[in-house]
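Single-structure report; data block below.
Please treat every number below as a calculation from the coordinates, not as lab data. Computed from a predicted model, the values in this text were never measured in an experiment. As a convention, Cβ positions derive from the backbone with ideal geometry for all residues, glycine included, and neighbour counts pool all protein chains shown.
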Amino acid sequence: MQIEERVRELVEEKIADRPDLFIVQIKMHNSGLLEILVDGDEGIAIEDCVQISRHVGFHLEEEDAIDRAYRLEVSSPGIDTPLLSLRQYHKNIGRNVRIKGGEDEKFEGKLIVVNDKSITIEVKTKEKGKKAALRETEIPLDNITETKVLISFK
């Protein structure tokens, strides 16, 4: 079993009684960093990250699962981290996003619909001499290479 699979089991075990929490990504980097990104439908508290870290760290040490020095980091995805799971898309409905697609396609707009195959964003279009109009654009998930939430300071 690869270490990421075992860590996923441990995290799922810890958050089993918290249906609002979900795993975004688990990655063992060559540098020895074991990175666990966890999020929640309403965000995640630092205490939740601490509890997950203690649980995973304890079991990895007990099992002697990693045969080299490593650093365990449990956190929520940062504001500049691309969306990696469908559940993150659902969580961010109503927010503005920037999407990169195949063939250097770029889209920017408000995320309004998410399903298993695509997302729909509301894009403002402005033509010279005309009032700005809103247009819905559906983007297949398979065509998306990166989606980031745009932060507004208004």
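Just to check I understand the Karplus step: with θ = phi - 60° and J = 6.51 cos²θ - 1.76 cosθ + 1.60, what whole-Hz values come out for segment 7-12, glycine and proline as x?
In residue order, the calculated couplings are 5, 4, 4, 5, 5, 4 Hz.
Quick check on my link table: of K100/K130; K27/K124; K14/K110; K100/K128; K14/K106; K91/K128, which ones sit more than 30 Å apart, alpha carbon to alpha carbon?
K27/K124; K14/K110; K14/K106; K91/K128
Among E63, E4, which comes first, then next, by fewest other beta-carbon atoms within 10 Å? Write down the numbers at each step before the final one.
Details: E63 10, E4 14.
The order, fewest Cβ neighbours first, is E63, E4.
Largest first, please: the extent of the C-alpha atoms of segment 3-75 along each principal axis, to the nearest Å.
The principal-axis extents, from largest down, are 36, 22, 20 Å.
In units of 2.2 N^0.38 Å, what is the alpha-carbon radius of gyration of the chain? Display every interim value, and only then the final one.
Working: Rg = 18.9 Å, N = 154, 2.2 N^0.38 = 14.9 Å.
Compactness ratio reported: 1.27.
Which is farthest toward the positive dipole end of the chain among G109, N30, S76, measuring Cα position about the Cα centre, with Cβ charges +1 (Lys, Arg) and -1 (Asp, Glu)?
Result: G109, furthest along the dipole toward the positive end.
Would you mind calculating the gained length between L84 and A65 on full extension (0.36 nm times residue separation, minus the Cα-Cα distance), in nm to one decimal? Numbers along the way, then the final one.
Values: separation 19, 0.36 × 19 = 6.84 nm, distance 2.64 nm.
Net length gain for the segment: 4.2 nm.
List the trypsin sites (Lys or Arg not before Pro) in segment 36-91 that DSSP assigns to loop (not H, G, I, E or B) and whose Cβ has at most 10 other Cβ atoms within 10 Å. Which are they? Mind showing how you got there, number by number?
On the way: sites: R54, R68, R71, R87, K91; in loops: R68.
Listed in order of number, the matching sites are R68.
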